[in-house]
Amino acid sequence: IEYFPKLTLWRVGIALGIQKSYLRFHRPSVDGDEARQYILKTLIDKGIAFIYDQDMRLMVENNAAFEAFLGALTAFLKYRGQTEKRPSGYPKGEGWIEYPKQRIHWF
């Protein structure tokens, strides 16, 4: 699937009540580690994700790994019917970027 990591993060973060400052600054190396750790911990605490400690460390230290996780989360949400549908009239031959609905029903 095609996905836009920042949009996925924003939609998921808002649905979970994560502070916007964490969502805005997940990429920079200065405070990004702290933001990524908080976001992942929130997903774990809410029972949405299970992440092994070594994978948690990798995603906290490496933004590319974190964004790959967001891609997997987007695919999971698509499977659960929790991504936005293509608008009617959208050309069938054109690519579509999957992104979560504004109101995500996790369970």
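For residues that are closer than 17 Å to Thr74 by Cα, open to solvent by less than 20 Å² (accessible area, probe 1.4 Å) and either of a type outside the set (A, V, I, L, M, F, W, C) or part of a loop (DSSP other than H, G, I, E, B) (or both), tally how many sit in region 1-25.
Residues flagged as closer than 17 Å to Thr74 by Cα, open to solvent by less than 20 Å² (accessible area, probe 1.4 Å) and either of a type outside the set (A, V, I, L, M, F, W, C) or part of a loop (DSSP other than H, G, I, E, B) (or both) within region 1-25 amount to 2.
Can you tell me which residue among Glu84, Glu98 is open to solvent by less than 60 Å² (accessible area, probe 1.4 Å), among the charged types (D, E, K, R), touching a residue at least 60 places away in the same chain (Cβ under 8 Å) and at negative phi?
The conditions single out Glu98.
Residues being within 20 Å of Leu77 (Cβ to Cβ) and either open to solvent by less than 90 Å² (accessible area, probe 1.4 Å) or of a type in the set (Lys, Arg) (or both): count how many of those fall in region 26-58.
Total meeting the criteria: 14.
Of everything in region 59-81 that's touching a residue at least 24 places away in the same chain (Cβ under 8 Å) and polar (S, T, N, Q), which residue is least open to solvent (accessible area, probe 1.4 Å)?
So, considering only residues that are touching a residue at least 24 places away in the same chain (Cβ under 8 Å) and polar (S, T, N, Q), the one least open to solvent (accessible area, probe 1.4 Å) is Thr74.
Within region 50-60, can one find any residue that is modelled with pLDDT under 95 and within 13 Å of the chain's Cα centre (by Cα)?
Within region 50-60, none of the residues are modelled with pLDDT under 95 and within 13 Å of the chain's Cα centre (by Cα).
Counting only residues that are in a helix (DSSP H, G or I) and more than 14 Å from the chain's Cα centre (by Cα), which one in region 61-107 is modelled with the lowest pLDDT?
The selected residue is Glu61.
Looking only at residues in region 26-49 that are under 15 Å from Ala65 (Cβ atoms) and not in a loop (DSSP other than H, G, I, E, B), which one is modelled with the lowest pLDDT?
Within region 26-49, the match that is modelled with the lowest pLDDT is Gly32.
The values are calculated or read from the model by the stated rules, or taken from the named source; none is laboratory data. Keep in mind that what you see is a predicted model, and the values were worked out from it rather than measured. With ideal geometry, Cβ positions are generated from the backbone for all residues, glycine too; neighbour counts draw on all protein chains shown. What goes into the accessible areas is simple: the full protein's heavy atoms, side chains included, and nothing from ligands, DNA or RNA. Shrake-Rupley method; radii C 1.70, N 1.55, O 1.52, S 1.80 Å.
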